[in-house]
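These notes concern the structure reproduced below.
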C-alpha cells in the first residue's frame, strides 16, 4: 500500500560514487527491499500480526516505539481541540437555538462558519505572529518550556493556542447540530409541558430540551477523531507540536514506511477505541439503552 | 476559593515569567528546522545531523577559517616534511593526542580509528558514503597513540576526508561487540568524545546536551546545549523575534529582510565551496548538443538572479570551483546574459521559432527542470530560470520532486535538467565527475585530468590539473553554474566565538561564550 | 426544492452571489486578467497593492491579481471535479449497498468505514506521494478519499426509501431492480446528496490548501489559491498581501459554500445534524 517504487530508503546510497550497483542491491537485501512489493507487504503484515511493527529507517528503532512517543501529545492536542469545539459549538448552538432574533442567529452562524473556513496553517501563523511575536501572551510553540519545571500550568499555556486553532474548525458543526436539535424539540410535548407549568421558553428549552439534544451527540464524537487527526497534521507542524500528525508527515517525506504504516494503524485503532467508549458511554447516559 | 484562584494566578505568572529565562542563562540554544533521526556518525547524509554530531564527537583534524588544517584528536597535522606522509602519498602516520577521553572516561586510542574505518567500510552496514575510506588497505596500530594508514595508491584526499563529519571516531570499546550496528541503541543514545554529551532526547521537541567536564581542550563555557526542533517557518521567526535561540543554521535567503530587522541578532555568511547549479543531462537527445547547452546559459540573467534572489551575496561565475577555493580557475569561457546569442545558438542547432516556442522537425523544444519541493528560495530561482528560458523559446516545465526522490531521479538519468547545489571540499575528490556523474559528462580527455589529479602529490601540479579541467568544463557546459551558494547563519549579537568554516559550524563550540 | 425558502435565507443568498461572482471572474480570467500570470519581473518584486498592480506583486514580481484569477480557475475546477467524481463513486456504491444489501453492502460498508476511520489528509498524502501531481491526479486522489461520506448518505437513504410504497409498488409491478433503483429510488435521494456535495466541495478547497502546506498540493508554477497561500508563508511579515488575498479567497469561498449548503438544506426540507 505504501511501499513506493522510486525513492526508497536504499536509494540515497545511489548518491555515493563508491556505491556500486551490487552494493546498493546488498543494501536493499539487508532491508528486505529487494523483494517485490507484495512480498514486502506480506512480510510486514505477517510480522505485524506477531506484534512486530518493523523498524524505522530514520530513527533506527522499533517503529512502535517511534509512534508511541508521539501518542501523548496528540491525545492532549486533539482532546483539548475537541473540548474547545464542543464548548464553543454547544454555547453558540444554544445561543442560536433559544434566540428568536434572526440577527443573533445569523451572527452566530457567520462566526462559526468563518472558524471552519480559514485554512489552519494560515490562522495558526497569524496567531503566532500576533499573540506570540508581538503581544508575547503565548509561547512560540512546543509542548512545554524547555529546561523549565514540567507543571500543569506550563503545559496548558503551551496547549492553548494550538487547541484553539484546531478546535475552531469544529465549532460550526456542533453549533449547527445543537441549534437544529433545540429547534426541533421546541414543539415536543415535554418542553411544552414545562412551559405550561410556567417556565419561560429559554428555561424550558435548556432544562428539558438540551439534555435530549446533547445525548446523541456523544455517539458522533468517535467519528470526529479522523478529522481531528487530519487537522492535527497541519497544526502540529505550525506549532512545533511533537505529535502523530507531524510524525506521519515527516515519515512520508522521508519515506519511512514502517512508521507511516504504524501511524495509520494507531489512528485506526484510536477510532475503534473511541467508538467503543462512546457506545458504552451512551449506554450509561441513556437508561433506555442496555447492553446484554 | 478566592485564595486558590490567586495562588493559581501567581503560579501562572511564575511559570511564565521566571522559569524560562533563568534556566536558559547558561544554555546555548540552537534552532533546527528538522530533527536528525540518528546521531550515530556515518549513517546519515543529513547535514543537520552532522552538525548535531559535532557537539558529541571530535574528528582527527579541523579546517580553520583560513582553510588551514588544525590537529584535533591528532597531535599534529602530518606532512611529507614531518614524516607523517610518505613521499609517494600512500602511507599516513597519525599520532593521536594524549588526553581525549570518551564520555565514559575511557581514553581515545588508535584502535578507535581502526575500528571506525572497519565500520565505514563494512559492506553489511547501510553506510551512505565510504569515499576515501574505502581506498584504505590497512590501518596498523603499533601503539595506542599511533595509527599507520596505508592506501593502495597515492591518496591526496585523506586529510580533507579526516576533517569532515565523515571522520568522527567511534568508541570501539562500546561498539565492537555489538551485533547489529545498523539498529544499535547507540543511534539514539550515543557516547562520544566531544565537548558535550547527550542527556535527553524528547522526540519531536528537543535534544539536550550537557558539557563533558573532562574535555581535552578544557570544558566548554556553556553548561548545556539545547537543539530545539521548530519545523514551521512562522514559528521559527517567532522564536527569533522572542530571542529564544542563540543560533540558527542554514537560514533561507527569503528570510533576509526579516533577519536584518532583528536588533538582537546578526547574520553571518558561512564559507562554503558549493555552487547553485543546473545539472544538464548530456545524454538527452535535446541537450546532447553543446550549442543548446550554451544557449541555455546565455539565456539566463544570472547577475539579476544573484542580486534579486540570492541576496546579492555572491557573484555568478562560470568555473565549477568557486572563487574562494584554492584551485579556482580565473580564465574560463564566459557566458554573459545575452538572449540574442541564445536565440542564434538555438537557431544554429536547428531549433527554429514556432509561435511562442521553438521546434525541430515538428518536435517542440521542451526542457523539464527538476527541483526539490518545499523550499521558497529554491522555487523562486527555478521559476526565474523557467521564465528566462521561455523568453528565448525554450518551453521549460518545472517538475517538483521531494528530497527522497531527487537523488534517484538524477542518478537514474530520468531527467533533462535539475536545480541543486554541489560543492567540493578543501581537497576535491571530484565525486560529481568520476563518481555519480549525474550530468553524464562524456569528455574522457577532461576526465583524464581528474584521474591524474587523484595521484599527484605535489599541490601546485594538482592545481594546474584542476584549472585545466575547469576550462574544459566551461567550454563544454555539462552543467550550468549559477552562482556560489550563499549559506547564512543567524546568531545572537552577544554570542562570542562562532566561527564557521567550510567543514563545520560547531568545531570550536567549547570556546563559545555569552 | 422550494426556491422561496432559499431566497429567504440571507446568508445562503449572499453565499450564492459570492460564488457566482468568483466563478465568473475565474472563468473569464484569460480575458480580464491585466497581466500574464507567469511573467516574472525581478526588478518589481513584492510591490504592495497600488496603481500599477491592484493587489501588488509576488516574490517574483508577478501580478497577484492575475494569479488570483488564474488560481481561482484551478481551485474551483478542482473542487468541482472532485465533487463530481465523489458523487459518482459515492452514490453508485452507496446505492448498490443500500439497495441490494448482503455481501455488496458488507463490502462497501467495510471500505467506507475503513476510509472514514483514517485521516483524510494522511491518505491523500500517501496517494499523492506516488503520483506525479497535476490537476487530474490530485482530483483523483481527493475523490478517492472523499466518496465515503456520500456513499454513506446514499446507502442510508436507500435503506429507508426501498421500503416505501413506490418502491414496493415498482417491485409489485414486476419492474427490474435496476429500474426501480435508478428511476424511482435515486431521484428521491437527490436532495440530501446535493447538500452533502456542496459541503464536500468546501472541504476540498481546505484539503487542497492543507496539502499544499504539507508539500503535496498543486505543483508550481500552476497557481492555485492553496498553493499561493502556501508560497506566501515565507513572506508573511515582509509582504502580507501575498497571504491575505488567497487566504480571503479560500475563506470566502468555503464559507459561501457552507451557507449555500445550509440554505439548500432548509429549502429541501431537511433537518440539521
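The values are calculated or read from the model by the stated rules, or taken from the named source; none is laboratory data. Everything numeric here is computed off the predicted structure, so don't read it as measured data. Every residue, glycine as well, gets a Cβ built from its backbone with ideal geometry; the counts of neighbours run over all protein chains shown.
Inspect all residues belonging to region B:118-131 and state whether any of them is within 20 Å of residue B:194 (Cβ to Cβ), assigned to a strand (DSSP E or B) and either without any contact (Cβ under 8 Å) to a residue 60 or more places away in the chain or more than 21 Å from the chain's Cα centre (by Cα) (or both).
No.
Being in contact with a helix residue (DSSP H, G or I) (Cβ under 9 Å, 6 or more places away or on another chain) and modelled with pLDDT of 90 or more narrows it down to one of C:196, C:210, so name that one.
C:210
Regarding region A:30-44, can at least one residue be identified that is at pLDDT below 85, farther than 25 Å from residue A:278 by Cα, over 33 Å from the mean Cα position of the chain (by Cα) and facing chain B (nearest Cβ under 10 Å)?
Taking every residue of region A:30-44 in turn, at least one turns out to be at pLDDT below 85, farther than 25 Å from residue A:278 by Cα, over 33 Å from the mean Cα position of the chain (by Cα) and facing chain B (nearest Cβ under 10 Å).
Quick one: how many residues across region B:353-406 are part of a loop (DSSP other than H, G, I, E, B), touching a strand residue (DSSP E or B) at 6+ places or on another chain (Cβ under 6 Å) and within 14 Å of chain A (Cβ to nearest Cβ)?
1
Give the residues of region C:1-32 that are assigned to a loop (DSSP other than H, G, I, E, B) and at pLDDT below 90, sorted by residue number.
The answer is C:1, C:2, C:8, C:9.
Going residue by residue through region B:205-222, is there one that turns out to be within 13 Å of another protein chain (Cβ to nearest Cβ) and either out of contact with any strand residue (DSSP E or B) (no Cβ under 9 Å at 6 or more places or on another chain) or more than 16 Å from residue B:54 (Cα to Cα) (or both)?
yes
Which condition from (1) touching a residue at least 24 places away in the same chain (Cβ under 8 Å); (2) within 22 Å of residue B:272 (Cα to Cα); (3) within 11 Å of chain A (Cβ to nearest Cβ) is the one that residue B:419 breaks?
The single condition residue B:419 does not satisfy is (3).
Among (1) touching a helix residue (DSSP H, G or I) at 6+ places or on another chain (Cβ under 8 Å); (2) within 14 Å of chain A (Cβ to nearest Cβ); (3) closer than 21 Å to residue B:67 by Cα, there is one condition residue B:431 misses while meeting the rest; what is its number?
(1)
When residues of region B:212-225 are filtered for being in contact with a helix residue (DSSP H, G or I) (Cβ under 8 Å, 6 or more places away or on another chain) and surrounded by fewer than 21 Cβ atoms within 10 Å (Cβ to Cβ), how many remain?
Final tally of qualifying residues: 5.
Checking the conditions here, which among B:439, B:386, B:380 is closer than 17 Å to residue B:287 by Cα, surrounded by 22 or more Cβ atoms within 10 Å (Cβ to Cβ) and under 24 Å from the mean Cα position of the chain (by Cα)?
Only one candidate passes the filter, namely B:439.
Of the residues B:259, B:270, only one is over 27 Å from residue B:393 (Cβ atoms) and modelled with pLDDT under 90; which?
Unique residue meeting the criteria: B:270.
Given (1) within 30 Å of residue B:199 (Cα to Cα); (2) modelled with pLDDT under 85; (3) within 12 Å of chain C (Cβ to nearest Cβ), where does residue A:150 come up short, assuming only one miss?
Result: residue A:150 fails condition (3) only.
Looking at region A:112-132, which of its residues are free of Cβ contacts under 8 Å to residues at least 24 places away in the same chain and more than 9 Å from chain C (Cβ to nearest Cβ)?
Hit for region A:112-132 is A:130, nothing else.
Could you pull out the residue among B:239, B:178 that is more than 10 Å from chain A (Cβ to nearest Cβ) and either over 30 Å from residue B:427 (Cα atoms) or not in a helix (DSSP H, G or I) (or both)?
Just one listed residue meets the conditions, B:178.
Would you say residue A:203 is over 11 Å from the mean Cα position of the chain (by Cα), at pLDDT below 80 and in the same structural domain as residue A:116 (by TED's automatic domain parsing)?
no
Does residue B:254 count as more than 30 Å from residue B:345 (Cβ to Cβ) and either modelled with pLDDT of 95 or more or more than 14 Å from chain C (Cβ to nearest Cβ) (or both)?
When the stated conditions are applied, residue B:254 does not pass them.
Being in contact with a helix residue (DSSP H, G or I) (Cβ under 6 Å, 6 or more places away or on another chain) and closer than 30 Å to residue C:259 by Cα is true for just one of A:274, A:266, A:178. Which residue is that?
Sole residue among the options that is in contact with a helix residue (DSSP H, G or I) (Cβ under 6 Å, 6 or more places away or on another chain) and closer than 30 Å to residue C:259 by Cα: A:178.
May I ask you to list the residues in region B:286-305 that are within 14 Å of chain C (Cβ to nearest Cβ) and surrounded by fewer than 22 Cβ atoms within 10 Å (Cβ to Cβ)?
Once the filter is applied, which keeps residues that are within 14 Å of chain C (Cβ to nearest Cβ) and surrounded by fewer than 22 Cβ atoms within 10 Å (Cβ to Cβ), region B:286-305 yields B:301, B:303, B:304, B:305.
How many residues does region C:36-49 hold that are modelled with pLDDT under 90 and either touching a helix residue (DSSP H, G or I) at 6+ places or on another chain (Cβ under 8 Å) or not in a loop (DSSP other than H, G, I, E, B) (or both)?
9
Scan region B:120-129 and give yes if some residue there is closer than 30 Å to residue B:211 by Cβ, within 14 Å of another protein chain (Cβ to nearest Cβ) and in contact with a strand residue (DSSP E or B) (Cβ under 8 Å, 6 or more places away or on another chain), otherwise no.
no
I'd like to verify a number: residues in region B:460-514 that are part of a helix (DSSP H, G or I) and touching a helix residue (DSSP H, G or I) at 6+ places or on another chain (Cβ under 7 Å), how many?
9
Against the definition (in a loop (DSSP other than H, G, I, E, B), surrounded by fewer than 18 Cβ atoms within 10 Å (Cβ to Cβ) and at pLDDT below 90), how does residue A:100 come out, yes or no?
The answer is yes for residue A:100.
In the list A:93, A:142, A:89, which residue meets the criterion of being facing chain C (nearest Cβ under 10 Å) and under 23 Å from the mean Cα position of the chain (by Cα)?
Within the list A:93, A:142, A:89, the selection yields A:93.
Matching residues to (1) crowded, with 21+ Cβ neighbours inside 10 Å; (2) assigned to a helix (DSSP H, G or I):
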residue: A:89; (1), (2): yes, yes
residue: A:106; (1), (2): no, yes
residue: A:132; (1), (2): yes, yes
residue: A:149; (1), (2): no, no
residue: A:161; (1), (2): yes, yes
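Only one of these is assigned to a helix (DSSP H, G or I) and closer than 30 Å to residue A:110 by Cα: C:85, C:54, C:96. Name it.
C:85
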